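Comments concern the structure below.
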Amino acid sequence: YRTCELPIDIALEAAPDLLLPTQATQFCQDMSSKTGESLMKAIWNSPLVALYESWLADHDPPKDILDFRAPPVSEIAWPTMPGPGFIFGCNSETMDECLGRGVFGLPINMKAAATCIRPGASIFLFNVTDRLLFGIFEALTVGSMNLEPKAFSKNPNATSSPFPVQIRVRVSLECPPLEDTDPILGDILRSRSGGRIGALTHAQTEAIASLLASQCGALQYMIEYQQSLQRDEEAQAPPIALPPRKIETSK
């Protein structure tokens with residue numbers, strides 16, 4: 001899901017036929033597929049907002065409302081320290097499991113290729129069914145064997161995953177996906193052979209991450225954040241891919 005702020009004037013500019021619910025009409029309004037598609041594109045290109053959860057201050061919050069895949073506010077976010085990255089693969093059947101588990105996997109024959117992955121590396125996920133590249137994720141571990149032995153397997157008693165070379169990830173920056181036919185993406189990866197999945201150079205990683213970030217209006221925000229840190233100034237991390245925050249109440 002995606003939580004964002006979309007002003008009404010921007011929504012109407014993107015989808016002029018949009019019927020807004022009012023008390024004079026009805027609270028639910030139908031829309032055409034064209035209007036819906038235009039509105040979704042506008043939502044995807046709107047900046048995300050930070051979510052806030054309230055709970056009693058005398059005990060810790062429920063763990064299920066904190067997104068373990070997102071970085072804490074105190075950590076430096078991409079692209080302050082970019083480096084070599086990696087593109088993992090999935091299909092329409094395994095993508096939800098990848099994101100739900102926070103685990104990406106590779107076949108055993110790619111074990112050597114995964115040795116370049118280090119915690120903090122920028123990671124991308126390529127859906128081979130829809131031909132879409134998703135990101136930006138951050139590696140939390142090195143490539144290891146069977147972190148989740150039952151992952152991506154239809155056998156509930158499996159002792160080894162069909163994609164056993166695995167890493168744990170979290171969301172670094174949530175962006176709209178890139179289409180495989182994107183000419184800029186094709187130019188970035190032109191020097192690679194053997195398909196989309198595999199290791200990336202430092203330059204390729206930074207270029208793909210910047211391309212993704214520019215799609216949701218976050219690139220300039222992140223650049224300014226990076227420059228503030230370099231000047232040793234206090235900087236508030238951009239409100240992107242962050243878990244819910246506690247609302248402090250005055251006593």
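The values are calculated or read from the model by the stated rules, or taken from the named source; none is laboratory data. Predicted model, so just to flag it, every value in this text is computed and none were measured. So basically every Cβ, Gly included, is an ideal-geometry build from the backbone, and we count neighbours across all protein chains shown. For accessibility, only protein heavy atoms count, side chains too; no ligands or nucleic acids. Shrake-Rupley method; radii C 1.70, N 1.55, O 1.52, S 1.80 Å.
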When the Karplus curve 6.51 cos²θ - 1.76 cosθ + 1.60 is applied with θ = phi - 60°, which whole-Hz ³J(HN,Hα) does each residue of the range 123-132 get, with x for Gly and Pro? 10, 10, 10, 9, 7, 6, 6, 8, 6, 10
Rg/Rg_globular for the range 144-222, with Rg_globular taken as 2.2 N^0.38 Å and Rg from C-alpha atoms: 1.41
Work out from phi, with θ = phi - 60° and the Karplus expression 6.51 cos²θ - 1.76 cosθ + 1.60, the ³J(HN,Hα) of each residue of the range 85-98, listed in order in whole Hz, and give x for Gly and Pro. x, 7, 9, 9, x, 7, 10, 5, 7, 9, 4, 4, 5, 4
Of 222, 31, which has the most accessible area and how do the rest follow, probe 1.4 Å? 31, 222
For residue 216, what accessible surface area do you get with a 1.4 Å probe? Give it in Å², rounded to 10. 10 Å²
So the label point goes 7 Å from the Cα of residue 144 along Cα→C-beta, right? Which residues of the range 114-130 then have their backbone N under 20 Å from it? 114-124
Roughly what would the spin-label model give for residue 93 and residue 158, points 7 Å off Cα along C-beta, in nm? 1.0 nm
